[in-house]
Amino acid sequence: MPVSSRVPAALPSVVVVLLVGGAYWALFPDRTDYAGHFLAGAGGTYALLALGTLALPGRAWLVVALTWLAVLLGVGTEATVFRLAELDPVDLANQSLGAVLAGLGMVAATRHDRSVPVALVAAGALLVGGFGLAFA
Amino acid sequence: MPSPDRRLSVLALVLTGVLLVVLGAWTLVARSALPLALDGTVTSVEVRHEKHPGVDDVWMVTLDDAAPRHLDRDVARLLARGAVVEKAAWSSTLTVNGTGHDVGPSRDAWVFLCLSPALLLAVAGLGAVAVRRR
């Protein structure tokens with residue numbers, strides 16, 4: 001059954017991101033950075049994809065390309081400015097998984113289905129929450 | 001009916017997500033040394049601090065001239081410079097200076113392994129929603 005386009009395409013993914021982030025937080029109580037990386041990865045990607053959808057809406061492959069770009073930017077920042085003890089593949093996996101869930105939420109987004117404002121609000125909240133948890 | 005372009009895009013993202021779940025799970029399990037074959041002499045055991053010293057410390061162990069390897073704290077604490085280490089891949093016994101020690105996945109590794117089906121379900125579910133959306 002087709003999913004209604006009255007709901008912003010990004011909204012289900014935001015709900016899933018919050019649920020998965022909550023699971024990370026509850027299941028790894030000593031490692032809140034796992035949840036932090038996951039949420040920040042999703043937040044940064046929502047921001048990038050919101051801008052991409054505004055500029056070139058309805059192009060699914062652009063969403064894939066920008067999601068992969070977000071993953072690579074995450075690798076770059078983890079390897080440089082956020083590198084402490086090592087470049088941790090677990091941190092990379094968690095933040096990149098957040099990016100992929102954001103990408104899946106935006107792949108069917110259009111300029112007029114309210115996904116862009118949803119993604120921008122989610123981006124701000126998830127980036128603040130993610131960094132807060134990562135460095136708590 | 002979604003375009004083939006969207007279907008392929010969703011497939012690419014879903015496959016990326018699956019690879020990332022596997023990467024996270026494998027990395028955490030490998031730190032237990034369980035899947036690793038080890039044979040050599042420890043040349044260094046180094047503790048590197050992360051954001052929360054004592055909680056998320058990184059224990060790097062070097063055998064002979066190999067690259068430093070991140071191991072779980074409980075495994076690395078069995079080792080010291082000069083120790084002779086032997087272990088077969090997927091054996092749960094790590095032999096240090098002739099004495100066997102049990103090794104296995106950490107709590108974090110078990111939790112991630114248990115969480116992995118939910119992560120894969122999240123990826124697949126959002127993929128299905130994206131494909132079915134008008």
- Exclusive hit being in contact with a helix residue (DSSP H, G or I) (Cβ under 8 Å, 6 or more places away or on another chain), more than 9 Å from chain A (Cβ to nearest Cβ), surrounded by 14 or more Cβ atoms within 10 Å (Cβ to Cβ) and touching a residue at least 60 places away in the same chain (Cβ under 8 Å), set B:A33, B:A25: B:A33
- Please specify each residue of the range B:86-112 satisfying the condition of being open to solvent by 70 Å² or more (accessible area, probe 1.4 Å), among the hydrophobic types (A, V, I, L, M, F, W, C) and within 12 Å of chain A (Cβ to nearest Cβ). B:W110
- List the pairs whose first member sits in the range A:120-136 and is closer than 12 Å to A:H37 by Cα, whose second member is at pLDDT below 95 and not in a helix (DSSP H, G or I), and whose Cβ atoms are under 8 Å apart, counting only residues at least 6 apart or on separate chains? A:A134/B:K51; A:F135/B:K51
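If you check B:R81 against the conditions, is it among the basic types (K, R), in contact with a helix residue (DSSP H, G or I) (Cβ under 9 Å, 6 or more places away or on another chain) and surrounded by fewer than 19 Cβ atoms within 10 Å (Cβ to Cβ)?
When the stated conditions are applied, B:R81 does not pass them.
Yes/no matrix, rows are residues, columns are (1) at pLDDT 95 or above; (2) touching a strand residue (DSSP E or B) at 6+ places or on another chain (Cβ under 7 Å); (3) of a type in the set (G, A, S); (4) not in a loop (DSSP other than H, G, I, E, B):
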residue: B:V61; (1), (2), (3), (4): yes, yes, no, yes
residue: B:V111; (1), (2), (3), (4): yes, no, no, yes
residue: B:L115; (1), (2), (3), (4): yes, no, no, yes
residue: B:A128; (1), (2), (3), (4): yes, no, yes, yes
- Answer yes or no: is there a residue in the range B:54-72 that is open to solvent by less than 70 Å² (accessible area, probe 1.4 Å) and within 18 Å of A:L27 (Cα to Cα). yes
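The values are calculated or read from the model by the stated rules, or taken from the named source; none is laboratory data. Model, not experiment: these values are computed from the prediction. Note: ideal-geometry Cβ built from the backbone for every residue, glycine included; neighbour counts use all protein chains shown. Just the protein is used for accessible areas: all its heavy atoms, side chains included, with ligands, DNA and RNA removed. Shrake-Rupley method; radii C 1.70, N 1.55, O 1.52, S 1.80 Å.
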